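The structure under discussion appears below in the form of structure tokens.
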Amino acid sequence: MATLPQIAVLGAGIFVKTQYIPRLAEISHLFCLKYIWSRSEESSRGAVEIAKQHFPGVECKWGDQGLNDIVQDSSLIGTAVVLAGQVQVLYFPISSTLFYP
């Protein structure tokens, strides 16, 4: 059997815990969730506890060192950056510039 591709999730807030992880669980046969990262250890651990029901090998990462570990992990094929609803990136194609409100 082929090894499943591995991904990481950056963000461990309410949306990740209540919406994102359940949606990922619905397609858990397609990939392995290797890491969940947050700025704080508490948030990351909380999200990992929820995710372990569907992704038993998921690891908790937090802070600068945790983010660096994820960036350096060549086994990952992708990373989902899951931001809070209040954080929005506006894209203006005319100038090809990103603006953060």
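Whenever a residue of segment 56-76 is at positive phi, its partners that are surrounded by 10 or more Cβ atoms within 10 Å (Cβ to Cβ), lying with C-beta atoms within less than 7 angstrom and at least six residues away or across chains, give the pairs G63/R39.
Matching residues to (1) modelled with pLDDT of 95 or more; (2) in a strand (DSSP E or B); (3) exposed (fewer than 12 other Cβ atoms within 10 Å of the Cβ):
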position: L24; (1), (2), (3): yes, no, no
position: S28; (1), (2), (3): yes, no, no
position: W37; (1), (2), (3): yes, yes, no
position: G46; (1), (2), (3): yes, no, no
position: H54; (1), (2), (3): yes, no, no
position: C60; (1), (2), (3): yes, yes, no
position: L83; (1), (2), (3): no, no, no
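The values are calculated or read from the model by the stated rules, or taken from the named source; none is laboratory data. Here the structure is a predicted model, which means the values were calculated and not measured. So basically every Cβ, Gly included, is an ideal-geometry build from the backbone, and we count neighbours across all protein chains shown.
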